[in-house]
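J.: Please read through the structure below; I'll follow up with questions.
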Amino acid sequence: MPFISEETITQKIYLIRGQKIMLDRDLAELYGVENKRLGEQVKRNINKFPEDFMFQLSKKEVDDLRSHFATTNISSKSRVLPTAFTEHGVLMLANVLNSERASNVSIQIIRIFTKMRELIVTQKDILLKIEQLERKGISHDQSIKQIFQALKQLIGQPSQTIEQIGFKIKKSN
């Protein structure tokens, strides 16, 4: 099984149209096939790639990718717009390529997608807890302010002399 570092795969995952995707060129490289052959297999099995599995990038999306990521594998001279594969598309692509390398690499990629999803969920949980603490802090701050105001009033009140209750014995000289 070829080992591809997690970092190498992660660098090839992009966020486009609100989805994490991988480009056909990058997948072809990882799966050890020519991009042309990968495209042929997709065309032969196009019914296995609905829009939520695969879509073609627009010229603007390609330009945005090139300007934002120096590591993209997109030539500015290429006449064909790249195809983007979602997590499910990556898995289906490995199935239609039907090679051991594609299957093994696909497993690695899916594990990374899963880790990314778990990180996002963890971050959302942390943000939710912070918001809850902020809300509690605000209500606690108000309560603490009320306590300090009451203490200031008690401290700030002039002391009144209180006459003692009971017998008063006058001392005679």
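J.: Around residue 54, with a cut-off of 13 angstrom between Cβ atoms, what is the net charge of the other residues, counting Lys and Arg +1 and Asp and Glu -1? Display every interim value, and only then the final one.
T.: Details: positive: 17, 43, 48; negative: 24, 51, 52, 87.
Around residue 54, the surrounding residues sum to -1.
J.: Same structure, new question: Pulled fully out, how much extra length does the chain show between residue 127 and residue 103, if you take 0.36 nm times their separation in residues and subtract their Cα-Cα distance? Intermediate results must be reported in sequence, preceding the final value.
T.: Details: separation 24, 0.36 × 24 = 8.64 nm, distance 3.62 nm.
Stretched fully, the residue 127-residue 103 segment lengthens by 5.0 nm.
J.: Something else about it: Taking the alpha-carbon distance from residue 59 and a cut-off under 29 Å, which lysines remain once sequence neighbours fewer than 8 residues away in the same chain are dropped?
T.: Answer for residue 59, where 29 Å is the Cα cut-off: 12, 20, 36, 43, 48, 77, listed by chain and number.
J.: Provide the packing ranking of 12-20, 98-106, i.e. peptides ordered by the mean count of other C-beta atoms within 10 Å per residue, highest first. Working shown, then result.
T.: Working: 12-20: 14.6, 98-106: 16.1.
Packing proxy ranking, top to bottom: 98-106, 12-20.
J.: OK, next. What order do you get for 110-120, 32-42, 84-94, 127-137 when each peptide is scored by the mean count of other beta carbon atoms within 10 Å, highest first? Please report the intermediate quantities before stating the final value.
T.: On the way: 110-120: 13.4, 32-42: 15.3, 84-94: 21.9, 127-137: 10.2.
Top to bottom by mean Cβ count within 10 Å: 84-94, 32-42, 110-120, 127-137.
Throughout, read-outs are computed from the coordinates displayed, never taken from laboratory work. Not measured: the values here are computed from a predicted model. No Cβ is skipped: glycine too gets one built from the backbone with ideal geometry, and neighbour counts run over all protein chains shown.
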